[in-house]
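Read through the structure below, which is laid out as structure tokens, and then see the notes.
The values are calculated or read from the model by the stated rules, or taken from the named source; none is laboratory data. Quick caveat: nothing in here was measured; it's all calculated off a predicted structure. Using ideal geometry, Cβ is built from the backbone for each residue, glycine included, and neighbour counts are taken over all protein chains shown.
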Amino acid sequence: MGWLRHLLGDRVPADFGGSLDDGEHVVGSAAVEGGGYLLVTPLGLWIPGPRRVGWHLVGKAAWSTGVLTLTESEETGTAGEAVLLADKTPVRFELARPGKVPILIRQRVDGSVRGRYRKDLGTGGAWFVERKVPGQDGTVLQVRPDPGTDVDLVKAIAEEAARKLAKPNS
């Protein structure tokens, strides 16, 4: 079975310190300059540490001249069934041999998005994004307010939007 995994690309680097979930497999990997790996799996992106960032929490991934810049989102609260997010500080990973990792990341992030909408609210705004959470059925409404935006107003809108999304179409 090892040859099949090698052929299909399911190879975990020998010195990878993380522990994949049962059934989780590697789709692509690249060594990070300075140590560690980026591993692409169906459940998320493993980054040096090592730890996995679920595809639904990759706020942005940009590839330019050998460097992947990852902006991870963190859940900061809820508004009904909607999840409020805030972006963490972007982190840069230099990859000497990226292979197909940047393309796989783009495909997985784009594939997690089911719909998106930008709502301007006078002094700020928010992104409303419906996303698939890896390993779970259905979708979740994520809301990312701009810094300085009235969070209570965003929560009220998000709660109503999540309620409408949960109702089956008549």
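Considering (1) surrounded by 13 or more Cβ atoms within 10 Å (Cβ to Cβ); (2) outside any strand (DSSP E or B), the lone condition that Leu38 does not fulfil carries the number (2).
Checking each residue of the stretch 15-22 against the condition of being aromatic (Phe, Trp, Tyr), modelled with pLDDT under 95 and surrounded by 13 or more Cβ atoms within 10 Å (Cβ to Cβ) gives at least one match. Of the residues in the stretch 55-67, none is modelled with pLDDT of 95 or more, assigned to a loop (DSSP other than H, G, I, E, B), within 23 Å of Gly115 (Cα to Cα) and within 18 Å of the chain's Cα centre (by Cα).
When the stretch 118-146 is examined, which residues are found to be surrounded by fewer than 12 Cβ atoms within 10 Å (Cβ to Cβ) and either part of a loop (DSSP other than H, G, I, E, B) or of a type in the set (Phe, Trp, Tyr) (or both)? Matches in the stretch 118-146: Gly122, Thr123, Gln136, Asp137, Gly138. Just to be sure before I move on: is Val101 farther than 22 Å from Gln136 by Cα, surrounded by 13 or more Cβ atoms within 10 Å (Cβ to Cβ) and touching a strand residue (DSSP E or B) at 6+ places or on another chain (Cβ under 8 Å) in the structure I sent? Yes; evaluated as a whole, the condition is true for this residue. If you filter the stretch 40-54 down to residues that are touching a Leu at 6+ places or on another chain (Cβ under 7 Å) and of a type outside the set (Lys, Arg), you find that the one that is nearest to Arg114 (Cα to Cα) is Gly54.
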